[in-house]
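The structure appears right after this line, and notes come after that.
The values are calculated or read from the model by the stated rules, or taken from the named source; none is laboratory data. Since this is a predicted model, take the numbers as computed values, not measurements. Cβ placement follows ideal geometry from the backbone for every residue including glycine, while neighbour counts extend to all protein chains displayed.
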């Protein structure tokens, strides 16, 4: 089995599967290169062709709007986690068994949540 990469289709081809359907511009790559490219893609990088048509990994181009949306989602997930962490101290306060540590933890969680809400508001 030999693996090829085609810049024209931005795709990989396996000689044992694609037989005569490998594009003319395809370049041969090693199994190790193929695995490294797929591993990089799994981390969010993009596979593109360089000037010679060989596959390389590049960082994705992210617009400011996409970055804001990503950060909004991240903040909302953090706020959800803070809400979950607040449950035990709040319950202890509600039933009158809260320790000073419970109260301090709740104040800390509230401060973290307030910081995140300000950042969320600034994102619009």
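Quick notes
- Here residue 7 meets the list (1) under 24 Å from the mean Cα position of the chain (by Cα); (2) under 19 Å from residue 59 (Cα atoms) almost entirely, failing just condition (1).
- Restricting attention to the stretch 91-115, the residues being touching a helix residue (DSSP H, G or I) at 6+ places or on another chain (Cβ under 7 Å) and closer than 21 Å to residue 75 by Cβ number 5.
- Residues located in the stretch 35-57, provided they are over 12 Å from residue 8 (Cα atoms) and in contact with a helix residue (DSSP H, G or I) (Cβ under 7 Å, 6 or more places away or on another chain): 47, 57
- A single member of 60, 64 is over 21 Å from residue 2 (Cβ atoms) and touching a strand residue (DSSP E or B) at 6+ places or on another chain (Cβ under 7 Å), and it is 60.
- Scanning the stretch 3-26 turns up one or more residues that are touching a helix residue (DSSP H, G or I) at 6+ places or on another chain (Cβ under 6 Å) and surrounded by 15 or more Cβ atoms within 10 Å (Cβ to Cβ).
- Residue within the stretch 58-73 that is touching a helix residue (DSSP H, G or I) at 6+ places or on another chain (Cβ under 6 Å) and within 25 Å of residue 12 (Cα to Cα) present: no
- The number of residues in the stretch 42-74 being surrounded by fewer than 11 Cβ atoms within 10 Å (Cβ to Cβ) and within 13 Å of the chain's Cα centre (by Cα) comes to 6.
- Filtering 77, 39 for residues that are loosely packed, with under 13 Cβ neighbours inside 10 Å and in the same structural domain as residue 112 (by TED's automatic domain parsing) leaves a single hit, 77.
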